[in-house]
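K.L.:
Can you read through this structure? Questions will come right after.
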Amino acid sequence: MTTVFLTGASGFLGGHLLRELRTAGCAVRAMSRRAEADAIIAKAGGDPVRSDLRDATSLKAALADCEAVFHAAADTSMWRPQATAQTATNVLGTENLLRAAEWAGVQAFVHTSSVSAYSHLAHGTLVESTPQRGAESWINYERTKYLGEQAVRRASVPWIIFNPSHILGPGDRHNWARLIMLVDREKLPGIPPGSGSFADVREIARAQVRAWQRNSFGKAYLVGGQHASFVDFVQHLGAALGKRTPSRATPAWALMTFARVADAWSRVSGREPDVTPESATLVCQALRVDSSKARRELQYVETPLDTLIDDTLAWMRQEGLVGR
């Protein structure tokens with residue numbers, strides 16, 4: 001049986017990767033730093049292993065006898081005081097994992113990067129040949145995702161890179177789920193003026209496993225989905241939940257002003273605000289992603305947004321996250 005090492009296994013995408021790898025017949029050794037994560041991983045059929053991206057020794061021990069690494073862990077904070085810790089995870093942690101993989105003789109490294117490596121500075125529809133501008137970004141998340149991806153590209157271990165757009169689907173408790181719960185409680189203060197491509201987390205996980213099985217080494221894949229404005233997205237959620245929603249987007253200048261005030265107060269309170277200048281900048285962006293390469297080579301599926309929202313809400317109702 002093939003043994004795979006997985007990071008981020010107790011998270012959103014990582015949880016789906018764990019299930020897909022188990023379905024493919026793999027033994028999954030999953031990085032875990034706490035008891036709560038151990039239970040989540042074990043329930044899904046994985047073997048939790050105490051290791052940390054900042055601890056090279058623990059990574060070498062965890063990767064012994066593994067044939068492949070799937071790296072889905074990341075720090076997605078949009079708050080500047082977290083920049084040092086974020087860099088330690090997204091850049092230095094990825095470099096530590098790559099060195100451990102090379103030391104262990106791992107034969108494949110499947111890396112979850114992000115469209116953020118291209119940065120909000122990139123314009124037009126993103127394709128794989130679009131120049132990545134993450135190194136120029138003032139947003140630390142974009143810069144660290146770019147630098148982490150570049151470390152993978154330089155590595156000697158055979159690699160495959162995925163750049164997902166906005167990830168949606170069952171299993172989300174912290175990403176778009178936070179906005180969905182605000183809609184359900186009719187507490188959403190406004191709608192960002194941007195737009196995005198909404199990708200099905202289940203299809204991203206399937207495409208990653210498929211790429212590894214097909215030895216698609218040295219390739220990067222953008223994986224997006226149906227494009228929609230955030231106004232349309234929120235109004236669809238409101239209709240599905242039977243809740244009132246704002247009828248129009250909040251102007252970008254008003255959102256940025258609110259974000260700057262919230263950020264300034266957070267330096268006094270020490271608490272991360274719901275909206276930062278970084279996150280406000282990204283949700284004012286019109287993000288379009290071309291997934292044709294992944295569709296052509298990996299049979300990646302762009303789930304219709306209606307279906308994706310319905311499936312997400314069904315899971316959230318089951319978990320008691322909405323509809324209380």
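K.L.:
Taking Phe217 as the residue in question, decide whether it is aromatic (Phe, Trp, Tyr) and either buried (at least 16 other Cβ atoms within 10 Å of the Cβ) or closer than 16 Å to Leu308 by Cβ (or both). If you could, list the steps in order and put the result at the bottom.
P.N.:
Values: aromatic (Phe, Trp, Tyr): yes; either buried (at least 16 other Cβ atoms within 10 Å of the Cβ) or closer than 16 Å to Leu308 by Cβ (or both): no.
Here the answer is no, as Phe217 does not meet what is asked.
K.L.:
Does any residue of the stretch 36-43 turn out to be among the β-branched types (Val, Ile, Thr), surrounded by fewer than 18 Cβ atoms within 10 Å (Cβ to Cβ) and under 14 Å from Val4 (Cα atoms)?
P.N.:
In the first step, residues of the stretch 36-43 are kept if they are among the β-branched types (Val, Ile, Thr); the result is 40-41.
Those still in the list that are surrounded by fewer than 18 Cβ atoms within 10 Å (Cβ to Cβ) too: none.
No.
K.L.:
Taking the stretch 191-214 only, how many residues are β-branched (Val, Ile, Thr) and modelled with pLDDT under 95?
P.N.:
The number of residues fulfilling the criteria is 1.
K.L.:
Another question, if that's okay. In this structure, is Ser291 out of contact with any helix residue (DSSP H, G or I) (no Cβ under 7 Å at 6 or more places or on another chain) and touching a residue at least 24 places away in the same chain (Cβ under 8 Å)?
P.N.:
Numbers: out of contact with any helix residue (DSSP H, G or I) (no Cβ under 7 Å at 6 or more places or on another chain): yes; touching a residue at least 24 places away in the same chain (Cβ under 8 Å): yes.
When the stated conditions are applied, Ser291 passes them.
K.L.:
Can you name the residue in the stretch 282-297 that is farther than 19 Å from Leu168 by Cβ and surrounded by 15 or more Cβ atoms within 10 Å (Cβ to Cβ) and is also modelled with the lowest pLDDT among such residues?
P.N.:
Among them, the one singled out is Cys284.
K.L.:
Of all residues being in contact with a strand residue (DSSP E or B) (Cβ under 9 Å, 6 or more places away or on another chain) and over 13 Å from Gln208 (Cα atoms) in the stretch 5-23, which is modelled with the lowest pLDDT? Just the residue, please.
P.N.:
The qualifying residue modelled with the lowest pLDDT is Ser10.
K.L.:
Still on this structure, I have one more. What is the one condition in (1) among the hydrophobic types (A, V, I, L, M, F, W, C); (2) within 23 Å of Val275 (Cα to Cα); (3) touching a residue at least 24 places away in the same chain (Cβ under 8 Å) that Ala85 does not satisfy?
P.N.:
(3)
K.L.:
Now, a different point. Assigned to a strand (DSSP E or B) and β-branched (Val, Ile, Thr) - does that describe any residue in the stretch 164-178?
P.N.:
Yes, the stretch 164-178 has at least one match.
K.L.:
OK, next. Among the helices (runs of 4 or more DSSP H) contained in the stretch 54-132, which hold 2 or more residues that are within 16 Å of Thr3 (Cα to Cα)?
P.N.:
56-63, 94-104
K.L.:
If Asp274 satisfies every condition in (1) among the charged types (D, E, K, R); (2) more than 26 Å from Phe162 (Cβ to Cβ); (3) over 19 Å from the mean Cα position of the chain (by Cα) but one, which is the exception?
P.N.:
Going through (1) among the charged types (D, E, K, R); (2) more than 26 Å from Phe162 (Cβ to Cβ); (3) over 19 Å from the mean Cα position of the chain (by Cα) one by one, Asp274 breaks only (3).
K.L.:
Taking Arg244 and the conditions (1) in a loop (DSSP other than H, G, I, E, B); (2) modelled with pLDDT of 95 or more, which numbered condition does it fall short on, given that it satisfies the others?
P.N.:
With respect to (1) in a loop (DSSP other than H, G, I, E, B); (2) modelled with pLDDT of 95 or more, Arg244 is out only on (2).
K.L.:
Let me confirm something: among Leu237, Leu182, Leu188, which residue is over 20 Å from Ser119 (Cβ atoms) and either outside any helix (DSSP H, G or I) or among the small types (Gly, Ala, Ser) (or both)?
P.N.:
Leu188
K.L.:
Given the criterion modelled with pLDDT under 95, of a type in the set (Ser, Thr, Tyr), under 21 Å from the mean Cα position of the chain (by Cα) and not in a loop (DSSP other than H, G, I, E, B), identify the matching residue among Ser279, Ser266.
P.N.:
Just one listed residue meets the conditions, Ser279.
The values are calculated or read from the model by the stated rules, or taken from the named source; none is laboratory data. Owing to the predicted nature of the structure, the values given are computational and were not obtained by experimental measurement. Note that we place each Cβ from the backbone using ideal geometry, even for glycine, and neighbour counts take in every protein chain shown.
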